[in-house]
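Student: I have a structure here, written as structure tokens, and I will follow up with some questions on it.
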Amino acid sequence: MRKIFVVLALAMTAAGMTAASASANHSWGGYHWARTANPFPLKVGNNVSSTWTTQYNTAISDWNKSTVMDLTTVPGSAGKRCKAVLGTVQVCNGTYGQNGWLGLASISISGGTHITQATTKVNDTYFNMAVYNNPNEKQHVMCQEVGHDFGLGHTSEDGSSQNTCMDYFSNTGANAGSTLSTTPNQHDYDQLASIYAHLDSSSTIAATSAAGPTMADRQDTLPYQAQRQDSKRFSILTERFSDGSMRLTHYTWAAAR
């Protein structure tokens, strides 16, 4: 049986991040893929259905404009559970239930800051509802969760638009027809360049897209401590395992929880 210790943390705030600031730092904890050269190749597993093809393709194309990454779409190997695959990002959609979240991003960490595998899930239980089922809200959530898988945090958490998918503008209701905040902006690309400015002596990037035993498989047999940070719009669950590795999961909450 897995031994669980749960600590509830204070809600996260947007202190130091203002809507007008182009110099705000929105690295997510300094987490990054280890690699020995830039631009680094990274495989993204496409597990989405046809209802998300446009949003998936647009998000990958937009993020691939970064000067430090060379993203390649490969057939998904995550299965219905959207299982992480070592050295890759896996992107999935499914009817995951009325659990409160529109989308989530999960990254596994070794060596303190190195991403070893990542997943993005978008929840059709909510996106099948009229309030969320519009191409702009779908694009915003898809783009943001994939952005987290590269080590990006939020530019703002107050609901205003900085015209980046890494903010917390909502493309619903009166804003359903707005394309604001549906793509990365130059500051996101600059932040990625900053995160990946240094090189590592080793790599956590898969040479192939083949599925195999993953860090998650090992982690699921280990004791861990869990810490959760909550705000009105999102939560971050941090699991620290006894082997020194971590798993962080970012949840984007639906408007009504």
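The values are calculated or read from the model by the stated rules, or taken from the named source; none is laboratory data. Just so it is clear, the model here is predicted, and its values are computed rather than measured. Note that we place each Cβ from the backbone using ideal geometry, even for glycine, and neighbour counts take in every protein chain shown.
Student: Test G87 against the stated conditions and say whether it is small (G, A, S), surrounded by fewer than 19 Cβ atoms within 10 Å (Cβ to Cβ) and at positive phi. Don't jump to the end; show me each part of the working.
Tutor: Details: small (G, A, S): yes; surrounded by fewer than 19 Cβ atoms within 10 Å (Cβ to Cβ): no; at positive phi: yes.
Against the criterion (small (G, A, S), surrounded by fewer than 19 Cβ atoms within 10 Å (Cβ to Cβ) and at positive phi), G87 does not qualify.
Student: Run S61 past the list (1) closer than 21 Å to T155 by Cα; (2) in contact with a helix residue (DSSP H, G or I) (Cβ under 9 Å, 6 or more places away or on another chain); (3) in a helix (DSSP H, G or I) and report the number of the one that doesn't hold.
Tutor: S61 satisfies every listed condition except (2).
Student: Among the residues that make up region 153-172, is at least one of them surrounded by fewer than 22 Cβ atoms within 10 Å (Cβ to Cβ) and under 11 Å from the mean Cα position of the chain (by Cα)?
Tutor: Yes, some residue in region 153-172 is surrounded by fewer than 22 Cβ atoms within 10 Å (Cβ to Cβ) and under 11 Å from the mean Cα position of the chain (by Cα).
Student: Now for a different question. If G76 satisfies every condition in (1) more than 20 Å from N57 (Cα to Cα); (2) surrounded by 19 or more Cβ atoms within 10 Å (Cβ to Cβ); (3) without any contact (Cβ under 8 Å) to a residue 60 or more places away in the chain but one, which is the exception?
Tutor: (1)
Student: Looking at T155, T164 in this structure, which one is at pLDDT below 95, in contact with an Asp or Glu (Cβ under 6 Å, 6 or more places away or on another chain) and among the β-branched types (V, I, T)?
Tutor: T155
Student: Quick check on region 150-208: of everything there that is in contact with a His (Cβ under 7 Å, 6 or more places away or on another chain) and not in a loop (DSSP other than H, G, I, E, B), which residue is nearest to A59 (Cα to Cα)?
Tutor: It comes out as L152.
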